[in-house]
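The values are calculated or read from the model by the stated rules, or taken from the named source; none is laboratory data. It should be emphasised that the depicted structure is a prediction, and the values quoted were computed from it without experimental measurement. Every residue, glycine among them, receives a Cβ derived from its backbone with ideal geometry; neighbour counts consider all protein chains shown. Quick note on the areas: whole protein, heavy atoms, side chains included, nothing else; ligands and nucleic acids left out. Shrake-Rupley method; radii C 1.70, N 1.55, O 1.52, S 1.80 Å.
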Amino acid sequence: MAESMKGMHRSHRCTEVTKEMIGNQVTLMGWVQKARNKGGIVFVDLRDRSGIMQLIFENGSIDEAGFERAGKLRSEFVIAVTGVVEVRSGAVNENLKTGEIEIRVNTLRVLSEAETPPFPIEENSKTREELRLKYRYLDLRRPDLQRNLIMRSKVATLVRQFMANEGFLEIETPTLCKSTPEGARDYLVPSRVHPGCFYALPQSPQLFKQLLMCSGYDRYIQIARCYRDEDLRADRQPEFTQIDMELSFVDVDDVIDVNERLLAFLFKEVLDVEVQLPIQRMTWKEAMNRFGSDKPDLRFGMELVDISEVVKNCEFVVFKNALEAGGSVRGINAKGQGGMPRKKIDKLVEFVKGYGAKGLAYVAIQEDGTVKSSFGKFMKEEEMNALIKAMDGQNGDLLLFAADKTKLVWDVLGALRLELAEQMNLLDKNEYRFVWITEFPLLEWSEEEGRFTAMHHPFTMPMEEDLEFLDSDPGRVRAKAYDIVLNGNEIGGGSVRIHQDHIQEKMFEVLGFTKERAHEQFGFLLDAFKYGVPPHAGLAYGLDRLVMLMAKQDSIRDVIAFPKVKDASCLMTEAPERVEEKQLQELGIEIAAEEE
């Protein structure tokens, strides 16, 4: 039966007890990891969030009733013990922080008994994720998850500390906002007081933080909850956390400077990793040409090579058609993979089809220098030699090519490059390679909408030297936007904002907004800009993704206490679910019957 703590006070967490304390009496509380009853002696591993301590119960050092209770302890019972710190009687356990000591218990209270859990509470659990998420409160007891969440808490604390020292003010912005349909879908919240009207949950505090700059707060920071109702991928959550900031009277270099120092501070304090400053910068164009991605992973080479010029006169129809349609032919060199079996190459072909490619051309150079190629018969010998030379092909290499519209070629080879790096074990989780990507296109053409859309958002400042092309060639205009990328993951992004009326109006015009529509959606911001607005810029990190990489995890779910699964539901609470008819009536909502 469960007892109360009555007068017992915990003196330490398990791993706060050290060998310097041998002979001292301590009081510990936690969960039983495992219990081993050896007849006249009972060993128990006690676990709390700090780690594990071995307890020893022996007749003579604890009364008979206490010893009897100790013999009945099971995994996950919650207990409180008082005892004396001793040198461990058995062999030292090198794997435990407390491996040289144990506690000889003289008082035991069983605070709570436990049923057998549906899976073992242990590190690196092999239990399938669905079951762990259903019992997330048990999953969160596992030491590896606890370490992740402790790290997340530490990162958030250090960010606040660093930014406060840099003169940033922490200000909260609303979570019940006006819906602005640009970008991803909003989560809507019906208003009972205003029937038929809805709030939206914020996708980001963007407009509010810009208003705070208009209000003279100069430097703003917030660890902000954000929401996006989008189709989920493995690493997306419908609600996520941003480290959100905005600065006044700054340009690109100022924002980059404070953020480089923030990252160096975090990585040193949390991981004892030195980040070399300044962080490398690369334009969007260079990143796409070299890596086929605007979030390049720089931990390995295998860069894209544009061979359009080399093959422009060859007879291979796939290359020919791509070039005639204004596209390009590019390749990557998978070093040492020339002997890859045909079956494996076919799997790569299937892989790239998932990215829109019609196929994949290849040249496999054998160790003895003979060449096997999927298109060799369409190439003259000197053309093939020129191609291999352009790709720096050596004996034993596998050359892979895509030919299509350039954007598609980038996407295909960028994804293939990462897939091969995975297969070839080129990705070292202990290496942290940062890069700033700058000079993004301001606009991208949307086939769906038949107009240009903002690549970031409508308030992003164009580069001054490109302003003249806003009318004549909008696709050519570069933005004062920047992303910070780590190991092929975009961990943060931002831009300098437009603060001049005439540029903002021109931007809305290019995006196809009428003055009325711009005012309808963003009127409060545009009105604020009439009363003196400072030049300003900002950036936001995805906290979940940053901590995931710092903790060397493969999924953001492993650094979020209560994550949702891929269909945005919670397996533990079973949210979302239907609500009572009475609640719907109060809100004036009627659920339309689904068509059969």
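Here are the numbers for the structure shown:
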quantity	calculated
Options 272, 254; residue that is loosely packed, with under 15 Cβ neighbours inside 10 Å, at pLDDT 95 or above, more than 19 Å from the chain's Cα centre (by Cα) and closer than 30 Å to residue 149 by Cα	272
Given (1) in a helix (DSSP H, G or I); (2) surrounded by 19 or more Cβ atoms within 10 Å (Cβ to Cβ); (3) of a type in the set (A, V, I, L, M, F, W, C), index of the condition residue 345 fails	(2)
Close pairs (7 angstrom Cβ cut-off, 6 or more residues apart or separate chains): at pLDDT below 95 in segment 550-565, open to solvent by 20 Å² or more (accessible area, probe 1.4 Å) and small (Gly, Ala, Ser) anywhere	555/234
Residue count for segment 309-327, restricted to those that are under 27 Å from residue 418 (Cα atoms) and open to solvent by less than 20 Å² (accessible area, probe 1.4 Å)	4
Residue check, residue 217 among the hydroxyl-bearing types (Ser, Thr, Tyr), in contact (Cβ under 8 Å) with a residue 40 or more places away in the chain and exposed (fewer than 14 other Cβ atoms within 10 Å of the Cβ)	no
Segment 394-413, residues that are closer than 26 Å to residue 371 by Cβ and outside any helix (DSSP H, G or I)	394, 395, 396, 397, 398, 399, 400, 401, 402, 403, 404
Candidates 513, 434, 469, filtered to the one that is more than 27 Å from residue 208 (Cβ to Cβ), out of contact with any Pro (no Cβ under 6 Å at 6 or more places or on another chain) and in contact (Cβ under 8 Å) with a residue 24 or more places away in the chain	434
Qualifying residue in segment 233-243 (condition: open to solvent by 40 Å² or more (accessible area, probe 1.4 Å), part of a loop (DSSP other than H, G, I, E, B) and among the polar types (S, T, N, Q))	no
The listed residue being at pLDDT 95 or above, of a type in the set (Lys, Arg) and within 25 Å of residue 150 (Cα to Cα), out of 136, 74	136
Within segment 55-82, tally of residues that are over 44 Å from the mean Cα position of the chain (by Cα), crowded, with 19+ Cβ neighbours inside 10 Å and assigned to a strand (DSSP E or B)	2
Test: residue in segment 356-375 that is assigned to a helix (DSSP H, G or I), modelled with pLDDT under 95 and surrounded by fewer than 21 Cβ atoms within 10 Å (Cβ to Cβ)	no
Residue ranges of helices (runs of 4 or more DSSP H) in segment 277-337 with at least 3 members in contact (Cβ under 8 Å) with a residue 40 or more places away in the chain and more than 23 Å from the chain's Cα centre (by Cα)	317-324
Residue in segment 218-232 that is closer than 19 Å to residue 539 by Cβ, modelled with pLDDT under 95 and over 23 Å from the mean Cα position of the chain (by Cα) present	no
Residue match in segment 443-460 (condition: farther than 30 Å from residue 310 by Cβ, among the hydrophobic types (A, V, I, L, M, F, W, C) and within 24 Å of the chain's Cα centre (by Cα))	yes
Helices (runs of 4 or more DSSP H) contained in segment 438-536 and holding at least 3 residues at pLDDT below 90 and open to solvent by 30 Å² or more (accessible area, probe 1.4 Å)	501-510, 515-528
Residue count for segment 153-170, restricted to those that are open to solvent by 40 Å² or more (accessible area, probe 1.4 Å) and touching a helix residue (DSSP H, G or I) at 6+ places or on another chain (Cβ under 8 Å)	3
Segment 110-124, subset outside any strand (DSSP E or B) and of a type in the set (A, V, I, L, M), residue most open to solvent (accessible area, probe 1.4 Å)	114
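Residue by residue, here is whether (1) surrounded by fewer than 17 Cβ atoms within 10 Å (Cβ to Cβ); (2) part of a strand (DSSP E or B); (3) touching a residue at least 60 places away in the same chain (Cβ under 8 Å) holds:
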{"site": "29", "(1), (2), (3)": "no, yes, yes"}
{"site": "47", "(1), (2), (3)": "no, yes, yes"}
{"site": "97", "(1), (2), (3)": "yes, no, yes"}
{"site": "108", "(1), (2), (3)": "no, yes, no"}
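Residue-wise test of (1) in contact with a Pro (Cβ under 7 Å, 6 or more places away or on another chain); (2) part of a loop (DSSP other than H, G, I, E, B).
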{"position": "557", "(1), (2)": "yes, no"}
{"position": "565", "(1), (2)": "no, yes"}
{"position": "575", "(1), (2)": "no, yes"}
{"position": "584", "(1), (2)": "no, no"}
{"position": "595", "(1), (2)": "no, yes"}
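Yes/no per residue for (1) within 23 Å of residue 206 (Cα to Cα); (2) out of contact with any His (no Cβ under 8 Å at 6 or more places or on another chain); (3) free of Cβ contacts under 8 Å to residues at least 60 places away in the same chain:
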| position | (1), (2), (3) |
| --- | --- |
| 385 | no, yes, yes |
| 401 | no, yes, no |
| 410 | no, yes, no |
| 439 | yes, yes, no |
| 444 | yes, yes, yes |
| 454 | yes, yes, no |
| 462 | yes, yes, yes |
